[in-house]
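Trainee: I have a structure I would like to understand better, so I am pasting it below and will then ask my questions one at a time.
Laboratory data are not the source of any read-out in this text; all were calculated from the coordinates shown. None of these values were measured; they are calculated from a predicted model. Here the Cβ is made from the backbone with ideal geometry for all residues, glycine too, and neighbour counts use every protein chain on show.
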Amino acid sequence: MLEINELSKIYPGGTQALKAVTFNVPKGQFLAVIGLSGSGKSTLLRCINRLIEPTKGQIIWNGIDLAALPENEMRLYRRKIGMVFQSFNLVLRSTVLTNVLSGRLGYINPAWSFLNRFSKQDYLDAMKQLERVGIADKAFQRADELSGGQQQRVSIARAMMQNPEIMLADEPVASLDPVLAHSIMQYLDKINKELGVTVICSLHFLDLVHRYADRVIALNNGYVVFDGLPSEIDDMKFKEIYGRDAERVG
Amino acid sequence: MKKKSKSPFLHSIKVAFIIIGLIILYAIGFSVTKVNLEETKSEIRQKQLIRIIRALVQPDLFTYDTVDTLIQTKILAPCSENAFTGIAVDPTTSDPYLTLSTYCANPGDAITIEGFNFEVSEQIFVQFIPPNGVKLTLGQANTDENGHFILETKIPKNRKSDQPQTIQVKTSVYAGNLKISGTLKDTWDKIVETLFLALLSTTVGCIFALPLSFFAAKNLMERLKTEFISVSLTLILFPIGFYIGLKIVQIIIRWISTLTISPIFVVIGCILLAVIIFLLLRQLFSNQKIPGEHTSNKFRSILSKSTAAITVVVFCFLLSKVFILAGDSLAKSLGTFAFIGEFIRDMGEILEMILPVGVGIAASFIAVSLGSKISKSILAAPPIWMKKIISVVLSVAAYAGLCLLIINALNFLYEFKNIREINLYTGMIGGLVGLMLGLIFQPNYEIKIGNVIYIITRSVFNILRSIESLVMVIVFVVWVGIGPFAGSLALALHTIAALGKMYSEQVENISEGPLEAIQATGANLVQQVVYAVIPQIIPPYIAFTLYRWDQNVRMSTIIGFAGGGGIGFLLQQNINLLNYRAASVQMIAIAVVVSLMDYLSGYVRNKIV
């Protein structure tokens with residue numbers, strides 16, 4: 001169970017990205033976060049694993065307030081929270097395998113990791129994760145030789161190496177074409193359904209939301225404006241979330 | 001959103017003011033830099049300029065073997081009773097010969113020298129040779145299209161003799177093949193020296209700039225935050241750790257030195273220790289522990305770690321000895337390749353020199369990490385008032401200690417007379433500052449210590465960078481004497497600062513995405529650097545290092561002017577001797593090398609990036 005209480009974020013420039021956001025995520029849920037660009041989706045996701053420091057509020061996970069932890073302890077909790085990004089964020093000049101293995105960094109002795117040494121078990125796990133996303137044959141290629149869809153799969157494999165209990169996905173398919181988008185979403189769905197990993201995923205396309213999400217919250221200008229089932233989003237709700245002039249596509 | 005300007009009139013007045021301001025600015029610039037167009041029109045200056053340019057475009061690259069012929073005639077100066085009618089010449093000959101208007105003249109008298117049958121359109125130097133053989137140039141003339149010249153000159157004073165004296169013209173005739181001039185050979189030697197000077201200084205600069213550059217990267221350092229109490233502990237423990245590390249090394253070295261061991265034992269010991277260290281490391285890191293989980297036996301872990309550390313120190317010391325011994329014996333046996341032996345010996349000596357400092361720094365880092373553990377346990381202890389008291393006491397001690405360290409460093413430079421009193425006062429001032437800070441900040445207040453480190457590192461880089469290596473070399477020449485070694489040290493120091501800054505800017509320019517992603521996996525800051533930053537900065541680092549080498553080649557052409565060795569030394573000498581044709585060779589060599597370096601580095605950059 002993940003509880004977000006009155007979470008606020010004010011950027012140094014004065015922009016208030018989140019305004020007292022409150023919601024709960026039960027374990028094993030597939031939660032979609034929707035909203036316009038700039039509505040605070042990315043900020044929200046990054047506040048959960050504290051890549052961005054929240055200004056106020058609580059993030060209570062298994063009874064511990066993540067927002068209050070000092071950085072070096074937060075690091076230990078971050079290991080259990082995987083994350084995939086819109087721009088994949090692979091280290092392009094490293095091999096696919098190294099990228100996947102870097103998911104283990106939080107668990108291993110730092111001294112060895114400086115020498116790029118991982119245990120045999122980690123190598124086996126990394127190959128297994130690559131097989132799961134179907135690109136085991138690319139393991140020794142440089143990440144920049146891969147297409148966008150392949151890169152996102154590597155990124156999922158990397159996050160899965162953390163053995164996560166929560167998976168944060170920040171618009172994971174926004175840079176991909178519709179066919180690839182579905183295949184990536186299916187991987188996330190599989191992780192959610194088969195392994196019971198809680199998925200919090202920000203999305204742009206409502207058809208993806210309808211198809212994959214158990215529940216939706218919508219942000220507008222830093223406020224939660226909707227919290228419910230995907231099927232509850234009718235035209236009225238849609239206008240509330242996206243503004244009066246918005247039109248549905250797809 | 002910009003506001004629209006209030007009215008076009010105001011706007012044009014603003015523009016007019018800016019234009020007037022600019023005109024004044026450049027007018028001041030002209031007067032300050034003493035722009036003098038009259039000087040450029042002066043005929044003498046133009047003549048000199050043309051002479052130099054002509055010399056510069058005729059570099060002394062190749063020479064012919066020349067056969068010199070001397071055409072002589074005799075004159076009696078001053079006139080005496082010995083009737084001397086000169087040397088008879090046959091006017092029908094085709095060989096060059098000289099005639100004089102008179103064959104007897106007093107010193108200071110005018111005389112006309114005529115030459116026939118010389119090379120056409122050639123510059124001729126006429127020399128006067130008294131019996132003591134000290135040559136004196138009477139003047140120069142150019143032959144016409146018939147090989148004829150006339151020179152009007154005076155008999156030199158103070159060259160009196162009762163014997164006839166010689167007037168001579170030396171002509172050189174090219175013979176044999178074109179060959180490389182001596183200047184070119186010297187230039188080649190020096191350009192090789194220059195290249196290696198630049199290579200060494202770039203390498204050393206790169207080695208030091210690499211780790212330092214991370215401390216000057218804002219995007220990394222602003223993440224580094226530490227609790228107030230931990231900062232105090234660091235300030236206390238860092239110097240103590242350094243001191244202890246230094247002492248340990250000294251004790252170990254003294255202890256080994258008393259053993260007076262034979263060379264064979266040194267080598268065997270070195271190999272044995274290497275094996276032991278390898279096994280120890282495997283033992284230490286074999287079970288990949290999860291950070292944050294405590295090991296069962298802490299005491300044993302600490303004991304084995306410190307044993308390993310001491311073994312490493314002994315090993316390094318023995319290794320330096322092995323290098324020195326091996327280098328010495330190689331230097332003796334290798335003959336012409338003795339320099340390889342000397343290099344190995346130097347490496348050993350460098351290792352021996354840096355060992356105490358390195359161990360000191362390592363020890364202080366260990367002390368600091370111990371400090372962060374201590375501060376964590378202090379912060380975990382429940383009563384708040386106790387935390388506050390401990391924090392205040394620590395900060396008083398820390399800042400008093402810091403001030404004392406600074407004042408004693410200054411004492412080394414300024415040699416204060418009443419150091420005891422000064423120590424007392426600075427200690428008190430530091431203590432007061434510490435007290436105030438301790439009262440203001442809560443023990444767990446997160447101080448952005450990274451920003452402090454960033455500002456200090458950047459400032460040091462900027463100060464070092466602003467002092468040109470040409471100036472630095474003066475200090476190094478005092479230390480290690482004139483020559484390329486002083487030059488490479490000066491360039492290396494400047495390179496550290498310049499590369500450090502350029503590297504750190506590359507770190508600041510990396511794409512944040514991968515860093516964010518690695519951070520999200522729970523990696524610590526150093527792991528984030530190793531996995532997300534370093535792969536991104538390798539290509540620009542290589543590019544900048546090559547660029548800096550190229551720049552150092554250019555700099556080392558100048559550094560010779562101040563005694564730093566390299567081709568600049570030769571260039572300066574030739575310019576001072578007004579030997580512009582030789583100087584031209586050196587300039588061409590510099591241009592060739594610099595452009596070759598440019599192509600080479602461009603090629604390597606393309607291959608790597």
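Trainee: On the given criteria, is A:Leu69 more than 8 Å from chain B (Cβ to nearest Cβ) and surrounded by fewer than 22 Cβ atoms within 10 Å (Cβ to Cβ)? Write out each step before concluding.
Mentor: Details: more than 8 Å from chain B (Cβ to nearest Cβ): yes; surrounded by fewer than 22 Cβ atoms within 10 Å (Cβ to Cβ): yes.
Answer is yes for this residue.
Trainee: Here is a follow-up. Residues of region B:41-53 being surrounded by 10 or more Cβ atoms within 10 Å (Cβ to Cβ) and farther than 24 Å from B:Met587 by Cα, which ones?
Mentor: B:Ser42
Trainee: Could you please find all residues in region B:402-421 being acidic (Asp, Glu), under 33 Å from the mean Cα position of the chain (by Cα) and part of a helix (DSSP H, G or I)?
Mentor: Going through region B:402-421, the residues acidic (Asp, Glu) turn out to be B:415, B:421.
Next cut, under 33 Å from the mean Cα position of the chain (by Cα) only: B:415.
Hits for region B:402-421: nothing passes.
Trainee: Tell me yes or no: at least one residue of region B:426-433 is within 15 Å of B:Leu235 (Cβ to Cβ), assigned to a helix (DSSP H, G or I) and either among the charged types (D, E, K, R) or in contact with a Gly (Cβ under 9 Å, 6 or more places away or on another chain) (or both).
Mentor: There is at least one residue in region B:426-433 that is within 15 Å of B:Leu235 (Cβ to Cβ), assigned to a helix (DSSP H, G or I) and either among the charged types (D, E, K, R) or in contact with a Gly (Cβ under 9 Å, 6 or more places away or on another chain) (or both).
Trainee: Among (1) in a helix (DSSP H, G or I); (2) in contact (Cβ under 8 Å) with a residue 12 or more places away in the chain; (3) crowded, with 21+ Cβ neighbours inside 10 Å, there is one condition B:Gly564 misses while meeting the rest; what is its number?
Mentor: Result: B:Gly564 fails condition (1) only.
Trainee: Scan region A:1-44 for residues that are among the polar types (S, T, N, Q) and more than 20 Å from A:Gly63 (Cβ to Cβ) and jot them down.
Mentor: Across region A:1-44, the qualifying residues are A:Ser8, A:Thr15, A:Gln16, A:Ser37, A:Ser39, A:Ser42, A:Thr43.
Trainee: Given the criteria within 9 Å of chain A (Cβ to nearest Cβ), aromatic (Phe, Trp, Tyr) and part of a helix (DSSP H, G or I), does B:Tyr547 qualify?
Mentor: Values: within 9 Å of chain A (Cβ to nearest Cβ): no; aromatic (Phe, Trp, Tyr): yes; part of a helix (DSSP H, G or I): yes.
No.
Each row is one residue, and each column tells you yes or no for (1) in contact (Cβ under 8 Å) with a residue 24 or more places away in the chain; (2) closer than 30 Å to A:Gln121 by Cβ; (3) among the basic types (Lys, Arg).
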| residue | (1), (2), (3) |
| --- | --- |
| A:Ala139 | yes, yes, no |
| A:Gln150 | no, yes, no |
| A:Met167 | yes, yes, no |
| A:Arg215 | yes, no, yes |
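Trainee: Does region B:498-514 include one or more residues that are without any contact (Cβ under 8 Å) to a residue 40 or more places away in the chain, away from chain A (no Cβ under 14 Å) and outside any helix (DSSP H, G or I)?
Mentor: No, every residue in region B:498-514 fails to be without any contact (Cβ under 8 Å) to a residue 40 or more places away in the chain, away from chain A (no Cβ under 14 Å) and outside any helix (DSSP H, G or I).
Trainee: Mind listing just one residue for me: the one in region B:437-450 that is part of a helix (DSSP H, G or I) and within 14 Å of chain A (Cβ to nearest Cβ) and, of those, nearest to the chain's Cα centre (by Cα)? Let's see the steps before the verdict.
Mentor: From region B:437-450, those part of a helix (DSSP H, G or I) are B:437-440, B:449-450; that's our starting set.
Restricting the remaining residues to those that are within 14 Å of chain A (Cβ to nearest Cβ) gives B:449-450.
Values: B:Ile449: 32, B:Gly450: 29 Å.
The extreme case among them is B:Gly450.
Trainee: I'm trying to understand the selection: among the residues of region B:519-529, which are at the interface with chain A (Cβ under 7 Å from one of its Cβ atoms), buried (at least 19 other Cβ atoms within 10 Å of the Cβ) and either in a helix (DSSP H, G or I) or out of contact with any helix residue (DSSP H, G or I) (no Cβ under 9 Å at 6 or more places or on another chain) (or both)? Quick ask: steps written out before the conclusion?
Mentor: Initially, region B:519-529 is screened for residues at the interface with chain A (Cβ under 7 Å from one of its Cβ atoms), giving B:519-524, B:526-527.
Narrowing further to those that are buried (at least 19 other Cβ atoms within 10 Å of the Cβ): B:519-523, B:527.
Of everything in region B:519-529, those that are at the interface with chain A (Cβ under 7 Å from one of its Cβ atoms), buried (at least 19 other Cβ atoms within 10 Å of the Cβ) and either in a helix (DSSP H, G or I) or out of contact with any helix residue (DSSP H, G or I) (no Cβ under 9 Å at 6 or more places or on another chain) (or both) turn out to be B:Gln519, B:Ala520, B:Gln527.
Trainee: I need the helices (runs of 4 or more DSSP H) fully contained in region A:86-134, keeping only those with at least 3 residues that are more than 9 Å from chain B (Cβ to nearest Cβ) and over 25 Å from A:Leu45 (Cβ atoms).
Mentor: Ranges flagged: A:120-132.
Trainee: Could you please let me know if A:Tyr77 is aromatic (Phe, Trp, Tyr), surrounded by fewer than 22 Cβ atoms within 10 Å (Cβ to Cβ) and farther than 25 Å from A:Ser155 by Cα?
Mentor: no
Trainee: Continuing with the same structure: Within region B:239-280, can you find the residues that are under 18 Å from B:Val359 (Cα atoms) and of a type in the set (A, V, I, L, M)?
Mentor: Once the filter is applied, which keeps residues that are under 18 Å from B:Val359 (Cα atoms) and of a type in the set (A, V, I, L, M), region B:239-280 yields B:Ile240, B:Ile244, B:Leu246, B:Ile248, B:Val249, B:Ile251, B:Ile252, B:Ile253, B:Ile256, B:Leu273, B:Ala274, B:Ile277.
Trainee: Out of A:Arg78, A:Arg153, report the one residue that is away from chain B (no Cβ under 13 Å) and either more than 23 Å from the chain's Cα centre (by Cα) or within 22 Å of A:Leu45 (Cβ to Cβ) (or both).
Mentor: Numbers: A:Arg78 fails: away from chain B (no Cβ under 13 Å).
Step by step, each of A:Arg78, A:Arg153 is checked, and only A:Arg153 is away from chain B (no Cβ under 13 Å) and either more than 23 Å from the chain's Cα centre (by Cα) or within 22 Å of A:Leu45 (Cβ to Cβ) (or both).
Trainee: Okay, next question. Output the number of the condition that B:Ala497 fails; it satisfies all remaining conditions of (1) more than 24 Å from A:Asn49 (Cα to Cα); (2) surrounded by fewer than 21 Cβ atoms within 10 Å (Cβ to Cβ).
Mentor: (2)
Trainee: So, in region B:575-603, exactly how many residues are part of a helix (DSSP H, G or I) and free of Cβ contacts under 8 Å to residues at least 60 places away in the same chain?
Mentor: At the first step, the residues of region B:575-603 found to be part of a helix (DSSP H, G or I) are B:575-576, B:580-603.
Going one step further and asking which of them are free of Cβ contacts under 8 Å to residues at least 60 places away in the same chain, we end up with B:575-576, B:591-592, B:594-603.
Of the residues in region B:575-603, 14 are part of a helix (DSSP H, G or I) and free of Cβ contacts under 8 Å to residues at least 60 places away in the same chain.
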